[in-house]
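**Q** One structure, as structure tokens, below. Some questions next.
The values are calculated or read from the model by the stated rules, or taken from the named source; none is laboratory data. Keep in mind that what you see is a predicted model, and the values were worked out from it rather than measured. Here the Cβ positions follow ideal geometry from the backbone for every residue, glycine too, while neighbour counts run over all protein chains shown. To get the accessible areas, we keep the full protein, side chains included, count just its heavy atoms, and leave off ligands, DNA and RNA. Shrake-Rupley method; radii C 1.70, N 1.55, O 1.52, S 1.80 Å.
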Amino acid sequence: MKLVKIDFTDIDRGEVLRYACSKETDEINKLLDECIEEMEGNLNSDVVYEDFYMEEKDSEINFSFTKTHSESLAKSFSGCGVGVVFAATIGLGIDRLIEKYNKVSPSKALMFQALGTERIENLCDNFQKYISSQYAGIGLIPVGRFSPGYGDLDLNLQKVILPYLEAEKRIGITLNDSLLMTPSKSVTAFIGLKDIFRTFEVEEQCGHDCHSCSSEDCLYRK
């Protein structure tokens with residue numbers, strides 16, 4: 001298993017407000033500023049991961065460490081023979097802040113919930129970029145991120161993924177009987193890896209103009 005710390009990038013305030021179902025006002029901006037300041041130093045950025053081989057037939061997917069049935073995952077990872085499975089967490093600090101303010105300031109608790117969601121998504125996005133840089137040298141590019149519980153992918157896979165990655169020992173993620181993870185702002189997911197030479201790269205990477213491209217089977221066709 002591989003353990004890495006991934007750098008966060010700047011907080012997307014618009015995304016935070018979207019998760020909080022809030023509109024931007026002076027009062028909301030002040031509240032968000034206060035929460036960001038208090039959150040400083042309370043986040044981890046831990047990811048544990050491992051690569052795998054996969055075979056798919058009639059939506060039955062055989063990973064090198066388990067097997068499952070999922071039409072949506074089979075479609076998303078079509079053409080992938082390998083991939084990465086990972087668990088990521090921003091730690092218990094944000095949970096403690098949410099619990100602290102649940103009774104005394106529900107608006108702050110809600111904002112910390114939204115901040116935590118934005119930060120774990122940012123961590124996963126940046127980890128995917130890290131994977132892209134790590135595997136590009138051997139001709140593989142990531143084709144998306146897919147978590148248990150999304151589409152028809154069985155949420156019970158959490159029971160396999162977390163022990164397989166030794167996530168509790170390595171980054172402190174536990175799973176309860178309801179399949180909820182602690183820390184709450186944690187994610188498990190698969191990333192498919194596809195042979196870069198079988199498809200065009202995205203426009204920003206290769207310079208192709210997707211709007212004028214005639215390829216019908218390009219993975220990144222817009």
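**Q** Evaluate Rg over Rh across the chain, taking Cα atoms for both radii and Kirkwood's formula for Rh.
**A** 1.01
**Q** Counting only C-alpha contacts under 8 Å and six or more residues apart, can you give the relative contact order of the chain as a whole percent?
**A** Computed value for the chain: 24 percent relative contact order.
**Q** Let me ask another. Want the number for GLU27 to ASN42: 0.36 nm per residue separation, take away the alpha-carbon distance, what's left?
**A** 3.0 nm
**Q** Pop out the carbon and sulfur fraction of the accessible area of the chain as a percent, whole number, probe 1.4 Å.
**A** 47
**Q** Another one. Can you compute the equivalent ellipsoid semi-axes for the stretch 60-139, i.e. the square root of 5 times each eigenvalue of the Cα gyration tensor, sorted largest first and rounded to whole Å?
**A** 35, 16, 11
**Q** Can you compute the helix-only [θ] at 222 nm over the chain? Use -39500 (n - 2.57) per DSSP H run of at least 4 residues, normalise by all residues, nearest 500 deg cm²/dmol.
**A** My calculation for the chain gives -11000 deg cm²/dmol from helical runs alone.
**Q** Using unit Cβ charges (K, R positive; D, E negative) and no other charged atoms, how large, in debye to the nearest 20, is the dipole of the chain about its Cα centre?
**A** Computed about the Cα centre, the dipole is about 440 debye.
**Q** On to the next question. To the nearest 10 degrees, how steep is helix 106-135 against the longest Cα principal axis of the chain, on a 0 to 90 scale?
**A** 30
**Q** Expected output is a single nm value to one decimal: the length gained when fully extending between LEU179 and ASP10, i.e. 0.36 nm times separation in residues minus the C-alpha distance. What is it?
**A** 57.8 nm
**Q** So for each of 13-24, 91-102 I average, over its residues, the number of other beta carbons within 10 Å; can you give me the resulting order with the highest mean first?
**A** 91-102, 13-24
**Q** Angle check, please: helix 26-39 long axis (alpha carbons) against the longest principal axis of the chain (alpha carbons), in degrees 0 to 90, nearest 10.
**A** With rounding to tens, the tilt is 80 degrees.
**Q** Which of GLY79, ALA109, ASN122 sits closest to the plus end of the dipole of the stretch 27-125, meaning its Cα is farthest towards the positive end, when Lys and Arg get +1 and Asp and Glu get -1 on the C-beta?
**A** ALA109
**Q** Using 0.36 nm times the number of residues separating ASN62 and SER107, minus their current alpha carbon distance, what extension gain do you get?
**A** Stretched out fully, the ASN62 to SER107 stretch lengthens by 11.7 nm.
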